[in-house]
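Asker: Can you keep this structure in mind? I'll have questions shortly.
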Amino acid sequence: MKYSYINPQKKTLFTPELKILLTFFSITIFMLVSTYSFLLFKDYNFTQTKIDIEQKYSELNITLSQMDEQIEHIDAQYLLSQKVYTQNSVLKESIANLFDLVPERITLSEAKLLKNGLVLYGITPNKDIYNFMLQAPLRSIFHRTYSSFYPLENGWFSFVSTNYIDEESNDEY
Amino acid sequence: MNISRQHIYMLSLSVLLLTFVLIFSFAVLIPNGKEYRLKRADLKKEYRKLKQLSDFSYETSTILQKLQAQHRHIITAFDTPFVVSRFEKQHRSFFSSLKLSKLEKKENEDAFNVYEVNTTSEINSPKSFYKFLDAVNKSDWIVAINFPITFKRDSEMINSSFTMKVYGNNKDVKSLSESKQSHSELDSESKFK
């Protein structure tokens, strides 16, 4: 016996309203979880990148300090070499000047170039030639000049000339 | 108003899910998002610093390479261990005879090793000595001619004696000492010209 004109329909738990609701929340929760996962991944990625950057930074710092040391060392080498080269050139000029200073009539037998002085041994025909032609220019260069003569058998004089420059003006020599 | 039980369940579920979404968003996502923004800005700063340092390192490296190229001779000269026989061979042409004594290690000067060599030689004219001084400045080592220098006439020749300071890098201590040992026996006199 039939009590209704319509056919009975099966009742389901997932009604269309519930389906819409679940779809909406599923999408929302999926988006939230995706964003959270993205943030977690980025956080990990940033931490790793920061470690890499710090490592590169310290490596670069080490390389830089090594290069600075090398530059400093090369500069020191250059300065020292220039000092040595200049010293050798000045020495050459000093020796050339010394030999130019000695007149032809005076013969040198020995010359000692010291750090702050000059000692000359030689022979001169007479004291005047020595005094005017050698001692005078030596006096203009050195602060202290001492001379001693020894007569020779042929009438000439053997001389020893000792000349010093005071410490503060050593560079002039 | 008649609300079905099913609608009440649905409403409860909606409220529950909405509460979860709100709590998750405000308690977890928003603080994490803020932290992400801060970290990103921090990382950018770090990158900028690294780039600056990297640029500076590149500039320093260029300067170093330039210096090395400019002063190649000087750098090599400091690195070359002093060999007595080689020095004699290179410079004996300026003298009638040239004799170098043992290498003596002196106190370090300006962080460099200093070795001293006593030299005796014979020249026939001071000009040879001037040429020698010019040649020393172009030699394979950094050599300073040192006082006292003595010139003594011996008939037509001039005997000269002087000391030389040879400069080397600190790292060459070993090699220079070895060279000192191996060449201490090599002192020889040679007459040319």
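Please treat every number below as a calculation from the coordinates, not as lab data. Keep in mind it's a predicted model, so treat the numbers as computed, not measured. Neighbour counts run over all protein chains shown; Cβ positions are idealised from the backbone, glycine included.
Asker: What average number of partner chain Cβ atoms lie no more than 10 Å from the Cβ of the residues making up A:99-112?
Answerer: 3
Asker: Which links in A:92/A:115; A:42/B:45; A:56/B:49; B:102/B:138; A:83/A:115; A:112/B:138 stretch past 19 Å when you go from one Cα to the other?
Answerer: B:102/B:138; A:112/B:138
Asker: Restricting things to Cα coordinates, could you compute the convex hull volume per residue of the protein assembly as shown in Å³?
Answerer: 239 Å³
Asker: Which number do you get for Rg(Cα) / (2.2 N^0.38 Å) in the range A:105-172?
Answerer: 1.13
Asker: What is the range B:2-118's relative contact order, in percent, from Cα pairs under 8 angstrom and six or more apart in sequence?
Answerer: Worked out over the range B:2-118, it gives 10 percent.
Asker: If you don't mind, there's one more thing I want to ask. If r is the Cβ-Cβ distance from residue A:78 to residue B:135 and R0 is 22 Å, what FRET efficiency results, to the nearest 0.05?
Answerer: With R0 = 22 Å, the Cβ-Cβ based efficiency is 0.60.
Asker: Same structure again: So how much slack lies between residue A:56 and residue A:148, counting 0.36 nm per residue of separation and subtracting their Cα-Cα distance, in nm?
Answerer: Result: 25.6 nm gained on full extension.
Asker: If you take the square roots of the eigenvalues of the alpha-carbon gyration tensor of the range A:15-101 and sort them as a ≥ b ≥ c, do you get rounded (a/c under 1.5), prolate (a/b over b/c) or oblate?
Answerer: Prolate.
Asker: Cut-off under 24 Å on the C-alpha distance; same-chain residues fewer than 8 positions from residue A:2 excluded. Which lysines are left, in chain and number order?
Answerer: A:10, A:11
Asker: Now a separate question. Where does helix A:16-101 land angle-wise versus the long Cα axis of chain A, in degrees 0 to 90, nearest 10?
Answerer: Rounded to the nearest ten degrees, it is 0.
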